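A quick write-up on the structure given underneath.
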Amino acid sequence: MNLRSDEWYGGTDRNSYIHRAWMRRGLPSSAFDGRPQIAIANTASDLTPCNAHLNEVAESVKHGVYEAGGIPHNLPVVSPGETNVRPTAMLWRNMAAMAMEEMFRANPIDGLVLLGGCDKTIPALLMAAASVDLPAVVVPGGPMLSGTFRGAPLGCGTDVWKLSEEVRAGRLPQDTFLRSESSMIRSRGHCNTMGTASTMAIMAEALGMTIPGIAGTPAADSRLLEGAHAAGRLAVDLVRDGRPVSDVLTAGSFHNAIVALAACGGSTNAVVHLLAVAGRLGLDLTLEDFDRIGGDVPLLVNLQPAGEYLMEDLFRAGGPLAVLNQVRDLLDPQAMTVTGRPLVDVLPEHEVFDRQVIAPRAEPLIDDAGIATLRGNLAPDGAIIKPAAASPELLVHRGRAVVFDSIEDCHARIDDPDLEVDATSVLVLRGCGPKGYPGMPEVANMPLPEKLLEQGVRDMVRICDGRMSGTAYGTVVLHVAPEAAAGGALALVRDGDEILLDVPNRRLELLVDEDELATREVSPGTLAGYARPERGWEKIYVEHVLQADRGVDLDFLVGRTGPVVERESH
Ligand code: FES
Ligand code: MG
């Protein structure tokens, strides 16, 4: 069998000498005799704390690769960490995806093992792998163990929002809040709520891209390393069998991911990530597919932010595949996993062990748990809301807009006692889309006015062209497309305008006459809130980024070009 890496290592000429000689480093010549060369795309970084343990995981992958007769190579990759990087990790997802795609293609590599964890890292790796279309297996780095504070579990992210709101409402002393800090991150791993990282690990599994059953394994659990070892072996087999990403990822895989997203109560961020990965494969996935496929899927997982438990509990209760086993009839029976078995075939062996954490199908936590896709003059290209994280009484709501031109504007004025706002107002935040910020920050769940919090108000309708943290909650309309900075009507909303949110009818309308709207211009204050980068990645990004309904990928990165590089370097 002819491997891609043979183009580098096969032969007796000067170039093959050069490729082999520098790679020997103690390896015998048999390392280059036609064995699959496996890159371990490793997002480990001390500045991406959620992924810092992946070097150890990579060692286990290496053992598996060697055992199956392949040669592993650790390939460190651009690693955007959610908590640290500015202005948003989302801005760097596409850079990571582009850098990895190019490095996969440029190097003598036959197959990939993708090590991710923190929010953007698995999406970036999947986007890259899809565009290069080599055989690939994902190893999700796993959630951290559950932390506790004063006897109660602490959920990463979710409890930061909750506790900080309690401080603002005057019910929790500041020093108690700060003391919880060292209890929150109990071990290695990514956020242990059903935030974006946990969600994307489950998405990778539902898409068929992991060793079945590995998603949700805590980062500190030895079984993660066992799974990593198996993934290394499998990558070698995939190369020998000639099964690239596009053999695994089909329309049916995305169908299954959308069902899993709803049944697990996953993060809204999965919508942009799945759209971006599908775009790389040339699959026609739309916002409406999320509503159509996931809309009436029952919510079975009782995890924060919508519920009570944490990822360690989900793992103990049977894990994501036990959840999927209960909605097996809703899944695509043909969609494959990297193992060569259809996903539905591996499910029957996955039982539920704790019905408090994974609700029985007959008694779901919510009947219709999916993401609702809204349209209307405020979002002609779509917007989304997660009804399961919203207040039921606000799902049909008409109220007057209170508009903020940036998140800074919001922070500066939201607690002003003179702000004209009441519990029925609709908070509008713009300039937070892919272009406007840039990078679509997680600010859509903007803070509520202090004076309303003091009155006991805990939720209000909020509308934004940005995203919401997967660990946040509220009646929040997100991903409004087109965003204000791309010419969306969101830019024209004024304080006092009436807005209608009607989730059952999937509508989001600015109740202002078309004629009146046609006379409006975008105000200088609104324009001032948009980013105008002059150089570097941000400039490329703002000029080429697609809107949320297209997955926020760059226009020139959509599609796949495969692994072939014709020309030599010397
Ligand atoms: Fe990395 Fe939450 S901050 S997963
Ligand atoms: Mg997040």
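The values are calculated or read from the model by the stated rules, or taken from the named source; none is laboratory data. Keep in mind it's a predicted model, so treat the numbers as computed, not measured. Cβ sites come from the backbone with ideal geometry, for glycine too, and all protein chains shown count toward neighbours.
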Next on the checklist: Scan the range 220-236 and tell me whether some residue there is within 25 Å of Ala270 (Cβ to Cβ) and within 16 Å of ligand 1 (Cβ to nearest atom).
Outcome noted: yes
Checklist entry - So Val565 fits all but one of (1) in contact (Cβ under 8 Å) with a residue 40 or more places away in the chain; (2) of a type in the set (A, V, I, L, M, F, W, C); (3) farther than 23 Å from Leu419 by Cβ; (4) not in a loop (DSSP other than H, G, I, E, B); what number is the exception? => result (4)
Checklist entry - Ala215: within 16 Å of ligand 1 (Cβ to nearest atom) and aliphatic (A, V, I, L, M), yes or no? => result yes
Checklist outcome for this item: Scanning the range 151-177 for residues that are touching a residue at least 60 places away in the same chain (Cβ under 8 Å), more than 16 Å from ligand 1 (Cβ to nearest atom) and at positive phi gives Gly170
Next on the checklist: Checking the conditions here, which among Asn74, Asn94 is outside any loop (DSSP other than H, G, I, E, B), closer than 25 Å to Gly536 by Cβ and in contact with a strand residue (DSSP E or B) (Cβ under 6 Å, 6 or more places away or on another chain)?
Outcome noted: Asn94
Checklist entry - Do you know which residues across the range 513-522 are aliphatic (A, V, I, L, M) and not in a helix (DSSP H, G or I)? => result Val522
Checklist entry - In the range 409-424, is there at least one residue being within 27 Å of Gly551 (Cβ to Cβ) and either of a type in the set (Lys, Arg) or in contact (Cβ under 8 Å) with a residue 40 or more places away in the chain (or both)? => result no
Next on the checklist: Which pairs turn up if I take residues in the range 259-287 that are at pLDDT 95 or above and look for partners that are away from ligand 2 (no atom under 16 Å from the Cβ) and polar (S, T, N, Q) with beta carbon separation below 7 Å, at least 6 apart in sequence or on another chain?
Outcome noted: Arg280/Ser131; Leu281/Ser246; Leu287/Thr373
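Looking at the range 397-411, is at least one residue farther than 24 Å from Asn94 by Cβ and either hydroxyl-bearing (Ser, Thr, Tyr) or part of a loop (DSSP other than H, G, I, E, B) (or both)?
Yes - at least one qualifying residue is present in the range 397-411.
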Checklist entry - Is the range 129-138 home to any residue that is among the β-branched types (Val, Ile, Thr), without any contact (Cβ under 8 Å) to a residue 60 or more places away in the chain and not in a strand (DSSP E or B)? => result no
Checklist entry - With respect to the numbered conditions (1) surrounded by fewer than 17 Cβ atoms within 10 Å (Cβ to Cβ); (2) within 16 Å of ligand 1 (Cβ to nearest atom); (3) modelled with pLDDT of 95 or more, which one is the sole condition not fulfilled by Glu102? => result (2)
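Restricting attention to the range 290-303, does a residue exist that is under 16 Å from Ala481 (Cβ atoms) and either surrounded by fewer than 24 Cβ atoms within 10 Å (Cβ to Cβ) or assigned by TED's automatic domain parsing to the domain that holds Gly208 (or both)?
Among the residues of the range 290-303, at least one is under 16 Å from Ala481 (Cβ atoms) and either surrounded by fewer than 24 Cβ atoms within 10 Å (Cβ to Cβ) or assigned by TED's automatic domain parsing to the domain that holds Gly208 (or both), which makes the answer yes.
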Checklist entry - So which pairs qualify, if the first residue must be in the range 195-207 and of a type in the set (Gly, Ala, Ser), the second must be at pLDDT below 95 and part of a helix (DSSP H, G or I), the Cβ gap must be under 8 Å, and the two must be at least 6 apart or on different chains? => result Gly195/Thr158
Item to check | Those residues of the range 125-176 which are within 22 Å of the chain's Cα centre (by Cα) and of a type in the set (Asp, Glu), in sequence order | outcome: Asp133, Asp159
Checklist entry - Does Pro417 meet the test of being in contact with a helix residue (DSSP H, G or I) (Cβ under 7 Å, 6 or more places away or on another chain), outside the structural domain of Gly232 (by TED's automatic domain parsing), exposed (fewer than 15 other Cβ atoms within 10 Å of the Cβ) and assigned to a loop (DSSP other than H, G, I, E, B)? => result yes
Next on the checklist: Return the residues of the range 523-553 that are surrounded by fewer than 17 Cβ atoms within 10 Å (Cβ to Cβ) and outside any helix (DSSP H, G or I); say none if nothing qualifies.
Outcome noted: Ser523, Arg532, Pro533, Glu534, Arg535
Next on the checklist: Suppose we filter Gly242, Gly265, Gly213 for residues that are surrounded by fewer than 24 Cβ atoms within 10 Å (Cβ to Cβ), touching a Gly at 6+ places or on another chain (Cβ under 9 Å), on the phi > 0 side of the Ramachandran plot and of a type outside the set (Val, Ile, Thr); which single one remains?
Outcome noted: Gly213
Next on the checklist: Of all residues being among the charged types (D, E, K, R) and closer than 30 Å to Asp241 by Cβ in the range 94-119, which is farthest from ligand 2 (Cβ to nearest atom)? Just the residue, please.
Outcome noted: Asp110
Item to check | The listed residue being touching a Gly at 6+ places or on another chain (Cβ under 9 Å) and assigned by TED's automatic domain parsing to the domain that holds Asn377, out of His479, His411 | outcome: His479
Checklist outcome for this item: Selection from the range 148-197 of residues of a type in the set (Ser, Thr, Tyr) and within 16 Å of ligand 2 (Cβ to nearest atom) yields Thr158, Ser164, Thr193, Thr196
Next on the checklist: Here is a list: Leu112, Leu126. Which entry is in a strand (DSSP E or B) and crowded, with 21+ Cβ neighbours inside 10 Å?
Outcome noted: Leu112
